[in-house]
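First up is the structure itself, then whatever we jot down about it.
The values are calculated or read from the model by the stated rules, or taken from the named source; none is laboratory data. Since this is a predicted model, take the numbers as computed values, not measurements. Please note: Cβ atoms are built from the backbone with ideal geometry, for glycine as well, and neighbour counts cover all protein chains shown.
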Amino acid sequence: METTITYQRPDGQSVAGYLAEAPGATGAVVVIQEWWGLNDQIRGVADRLAHAGYHALVPDLYRGKSTVEAEEAHHLMTGLDFGAAASQDIRGAVQFLKTRAAKVGVTGFCMGGALTVLTMTMTPEADAGVVWYGYPPLEFVDAGKVRAPMMAHWATQDQAFAMEGVEALEAKLRAAGVAYEGHRYLAHHGFANETAQGPHRIAMTQYDAAWAQIAWDRTLRFFGRHLG
């Protein structure tokens, strides 16, 4: 069942979100949008997780706004307070799902991947995190505060998030003793976004069905181990 719900942040403010429920689920996942906003593609990710047996909640970080234009997406993203999004909007979503499931994971793509990294440092309630081709400025990553296992999917031809940054992030996580596994794919940014193909895709992104399937298989096995 899919529905729009409202939940509370730790500071008491209300946030809307898209909830895809899985009857009988014992685990749940917070899904974090790309810079486009809460659109049909990211709702589809939540639906996919629900079909796999998890409640899935997408917080509406842009408060009702979404776009298909890269310039507007960049404007919306730069207007977002990443710290508040991670520590309030997303942590609140994790806390909300904890009322419905014993264990809750976090996953996000592009901008949402960066927010997943931050969330894992700011949300002790999270039980697992899966990052898809995105990371924040490393000075904001306090890896010592990560308590849960993490997985990440990186594109070696990614022009938005350089592999040097990936390697620096991974070194930071390992130095802090985080249970982490990273996977690299001979692919471009957005390789798991099925809308990143054809005449409407933006430069730097390219969907790759084969790599996306492998990454999803790994993700669902990982969540199966840590969320049940």
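Below is a table of values for the structure above.
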{"item": "Residue within the stretch 178-195 that is in a helix (DSSP H, G or I) and over 30 Å from Thr99 (Cβ atoms) present", "result": "no"}
{"item": "Subset of the stretch 155-182 (residues that are under 17 Å from Ala143 (Cβ atoms) and among the aliphatic types (A, V, I, L, M))", "result": "Val166, Ala168, Leu169, Ala171, Leu173, Ala175, Ala176, Val178, Ala179"}
{"item": "Members of the stretch 158-208 found to be farther than 25 Å from Ala126 by Cβ, of a type in the set (A, V, I, L, M) and surrounded by fewer than 17 Cβ atoms within 10 Å (Cβ to Cβ), listed by number", "result": "Ala162, Met163, Leu186, Ile202, Ala203, Met204"}
{"item": "So His200, is it closer than 20 Å to Glu34 by Cβ and at pLDDT 95 or above", "result": "no"}
{"item": "Residue match in the stretch 7-20 (condition: out of contact with any helix residue (DSSP H, G or I) (no Cβ under 6 Å at 6 or more places or on another chain), under 20 Å from Thr205 (Cβ atoms) and surrounded by 21 or more Cβ atoms within 10 Å (Cβ to Cβ))", "result": "no"}
{"item": "Positions within the stretch 10-44 being hydroxyl-bearing (Ser, Thr, Tyr) and either assigned to a helix (DSSP H, G or I) or under 14 Å from Leu61 (Cα atoms) (or both), in sequence order", "result": "Ser14, Tyr18"}
{"item": "Count of residues meeting criterion [under 11 Å from Tyr18 (Cβ atoms) and in contact with a strand residue (DSSP E or B) (Cβ under 6 Å, 6 or more places away or on another chain)] in the stretch 39-49", "result": "6"}
